[in-house]
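Data first, discussion second: the structure below is written as structure tokens.
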Amino acid sequence: MKFSVLVAMLAEDLEEQAIASAKAAGAGGVTLLNGRGLGAEQKKSFFGLTYEGSQSVMIFVLEKKLSLRVMKQLVKDLDLKNHTRGVVFTLPIEHIAGIAHQQIEHFEQLIKNEI
């Protein structure tokens with residue numbers, strides 16, 4: 001079985017919607033990190049204070065085919081093609097340890113259901 005890591009860097013207010021969307025597409029657990037985004041656009045200032053926008057960084061470890069399904073669902077549900085409020089991408093995993101046996105069984109069952 002091949003695995004991928006799916007990374008979603010999104011505006012913080014999209015976090016709950018993204019988690020629900022990913023779980024509906026078959027994702028299990030997620031690791032959440034807080035971040036700040038610095039884009040190409042000029043930063044917003046208000047009375048001399050600069051707002052840099054909070055971001056949520058989500059990391060999912062998924063079976064390779066499932067990662068593409070989850071990514072497509074996030075793009076659709078969060079309308080990322082029309083709004084630049086985040087980015088989602090996948091990376092291959094060469095070696096992995098520490099995934100619970102029941103999570104691997106869950107991935108296998110999802111793949112069997114698609115066949």
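Points worth noting:
- Among residues of the range 48-98 being in contact (Cβ under 8 Å) with a residue 60 or more places away in the chain, part of a loop (DSSP other than H, G, I, E, B) and within 18 Å of the chain's Cα centre (by Cα), the one that is nearest to residue 12 (Cα to Cα) is 85.
- Scanning the range 65-82 for residues that are buried (at least 22 other Cβ atoms within 10 Å of the Cβ) and either over 26 Å from residue 104 (Cα atoms) or out of contact with any helix residue (DSSP H, G or I) (no Cβ under 7 Å at 6 or more places or on another chain) (or both) returns 67, 71.
- Within the range 1-53, considering residues that are at pLDDT 90 or above and of a type in the set (Ser, Thr, Tyr), the one surrounded by the fewest Cβ atoms within 10 Å (Cβ to Cβ): 31
The values are calculated or read from the model by the stated rules, or taken from the named source; none is laboratory data. Predicted model, so just to flag it, every value in this text is computed and none were measured. Cβ sites come from the backbone with ideal geometry, for glycine too, and all protein chains shown count toward neighbours.
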